[in-house]
1. For B:R106, indicate whether it is more than 21 Å from A:P80 (Cβ to Cβ) and of a type in the set (K, R).
2. Which condition breaks for B:N133 when tested against (1) without any contact (Cβ under 8 Å) to a residue 40 or more places away in the chain; (2) buried (at least 23 other Cβ atoms within 10 Å of the Cβ); (3) more than 9 Å from every other protein chain (Cβ to nearest Cβ)?
3. Among the residues of the stretch A:72-92, is there at least one that is away from every other protein chain (no Cβ under 14 Å) and surrounded by fewer than 24 Cβ atoms within 10 Å (Cβ to Cβ)?
4. Does A:F149 satisfy the criteria of being more than 14 Å from chain B (Cβ to nearest Cβ), among the aromatic types (F, W, Y) and without any contact (Cβ under 8 Å) to a residue 40 or more places away in the chain?
5. Which of the residues spanning the stretch A:93-109 are within 20 Å of B:P176 (Cβ to Cβ) and either assigned to a loop (DSSP other than H, G, I, E, B) or within 7 Å of another protein chain (Cβ to nearest Cβ) (or both)?
6. Within the stretch A:53-62, is there a residue that is among the aliphatic types (A, V, I, L, M), touching a residue at least 60 places away in the same chain (Cβ under 8 Å) and more than 10 Å from chain B (Cβ to nearest Cβ)?
7. Sort out which residues of the stretch A:47-78 are touching a helix residue (DSSP H, G or I) at 6+ places or on another chain (Cβ under 6 Å) and small (G, A, S), and write them in order of number.
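The values are calculated or read from the model by the stated rules, or taken from the named source; none is laboratory data. Quick caveat, the model's predicted, so the values are computed rather than measured. Counting neighbours? That spans all protein chains shown, and the Cβs are built from the backbone with ideal geometry, glycine included.
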Amino acid sequence: MNAQEAVIGIVTASDRASAGIYEDESGPAIEAFLSDVLTTPWRSLRRIVPDGLEAVRDAFIELADRDGCCLILSTGGTGPAPRDLTPEATVAASTRMMPGFGELMRTKSLEQVPTAILSRQTAGIRGRTLIVNLPGRPSSIRVCLDAVFPAIPYCVDLIGGPRMETDAARCRAFRPGG
Amino acid sequence: MNAQEAVIGIVTASDRASAGIYEDESGPAIEAFLSDVLTTPWRSLRRIVPDGLEAVRDAFIELADRDGCCLILSTGGTGPAPRDLTPEATVAASTRMMPGFGELMRTKSLEQVPTAILSRQTAGIRGRTLIVNLPGRPSSIRVCLDAVFPAIPYCVDLIGGPRMETDAARCRAFRPGG
Amino acid sequence: MNAQEAVIGIVTASDRASAGIYEDESGPAIEAFLSDVLTTPWRSLRRIVPDGLEAVRDAFIELADRDGCCLILSTGGTGPAPRDLTPEATVAASTRMMPGFGELMRTKSLEQVPTAILSRQTAGIRGRTLIVNLPGRPSSIRVCLDAVFPAIPYCVDLIGGPRMETDAARCRAFRPGG
C-alpha cells in the first residue's frame, strides 16, 4: 500500500466568484465529493480564478508543475458564452487529450437536460497530472464525478501518481485485472 | 419578449447542386423544419456552394460577419470522401468548437445505420454565430435536428443572439431554470 | 464485382513486443478477425514497432504511401501512459480525422469496463487509406472490431479503395442504399 498523499487541485473558473460577488459553491461541492469517496491520504489546493484562457491555463500549470497535483478538477467556463474558455485552457496546458471524459460526461448529463450538448468539457494530461473539466452547477458536478471518477485512480497510476483508493460503496474505483 | 428577427443561414455544400446538375433537396428540408418549429420571427439566407474547404468556410464567414446570422445550418460534405471538407471549413471559421453536437448526432444516426460513424459532423461558434453541420440526406437531417435543436435557442441566447421560441409540440426548446 | 485484393496493414505499437520481450498476441487477433469475416481477396502486412509518436507515424505512412494499404488497423499505445502516443501518430499521419470511430469504440468498451474512457483511440484518413486505432488487449480488440467494422468497407469505397465483402453471419458490412 502506497500511502503517499494525493494532492488534488480544485479550480473554480468564474469572474463573479473570483471578484467576490458571489460565493463559490462548486469548489466546495468537489471537495465534499472527494471527502466522501477517498479512503487514502489526500489534500486539496483550491484556486478561484476569473474566466478566460490565460488565468485558467496558468492555474492548471502552477498546480501541476509547482504544486505537484496528480489530479486537477476544474468547475465552470465550459459553456458557449464568450468568456467560457476552460476547455481551451485545458488544451493549452495539456500535452495529450483524453476525449472519453467529455464524451461520457455529456452523455450522462444529457439524461438530465438536452442542453448538455452545449458543454465543451474535456480532459487532458500534463506530465504526471490529469486535468478534468467539470460543469459549473453543483448538481451537475455530482452526476459527472459519479460517471468518470471510477476511472481516475487507475489513470493516475498510469501517469505515475500516488495510489488512490475509494470507498466502494460510494464510488468504486476500477483497475483492470486488479 | 424579444421580437428581434432571427437570421438563419442554410448552406448546402455540394459540387453537383452548385453546378445545377441536380436540385438541392437538403436546404429546403432544413427550411421546412424551421418553418415547422419556430414561433418567433425568422428568415433564412440560403447558399449553395461547391464542396471543399474554402467555398464552405467563406460562406460561413460571410453569413456570420456580413449577414449577421445567429445560426448557420450546413448540409453535405461531412463524409470521408476527398471533397468532404465541411468539418474542416467549420473549424476554420470557428473560434471555439462544440463537440457535443457531433457526438449526439452520430449517436442518434447510429440507431438508423451503422455507417453513421463515418459522419464527421461538428459544430462551432464564430462570434455571435453558432454553426452546425447536418448530414446530406433529407431523412437524416430530420433525425439530427430533432436531436440537437432543443439546445440551440439557449445556445443562441448565450452567445448574444435573438431569443427564439419553438412550438413545444414539434420541438421543445429547453432553457435551464427557464 | 471488383476482385482487387485489399492490402491491410496491421501495426502493433509496443516497446516490449518490438524488443522481443513478449510475443505479440494483438496483431494475430486482428488477423484472425479479418480471416473470419472477409470473403473477398485480401492480404495483411504486419509491423511491430516501439511505442512513441515517430515510429508509429512512420509505420502508418509507409503502409499507406508505399505499400498501398486501403486500411491500417493499429493495436496498442492508446492509453494515458507517457509512451502511449498512437493517437498522436494517427493525427500526424492523417489529413482528416474520423471522430465517430473512437466515440463508438469507447461507448462499447464502457459496457465492459469503466476505464474505457481512458482510451484515446481515434481514426483518420490519409489519401486512400483509413487508419483505425484498436485497443491493446485481444479481448477488447474483438469488441471494438465488432462495433466499427460494419462501416469500414463502405468507408474504403468512398476513399477509392477496393470493394470488400464480408460474411454477413459474422460481421454485416453495411452500404447505404446497397
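1. no
2. So the condition that B:N133 fails would be (1).
3. Checked the stretch A:72-92: no residue is away from every other protein chain (no Cβ under 14 Å) and surrounded by fewer than 24 Cβ atoms within 10 Å (Cβ to Cβ).
4. no
5. A:G102, A:R106
6. yes
7. Passing the criteria: A:S74, A:G77.
Matching residues to (1) under 23 Å from C:R175 (Cα atoms); (2) of a type in the set (S, T, Y); (3) modelled with pLDDT of 95 or more:
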| residue | (1), (2), (3) |
| --- | --- |
| C:A64 | no, no, yes |
| C:D67 | no, no, yes |
| C:T95 | no, yes, yes |
| C:E111 | no, no, yes |
| C:Q121 | no, no, yes |
| C:I125 | yes, no, yes |
| C:V132 | yes, no, yes |
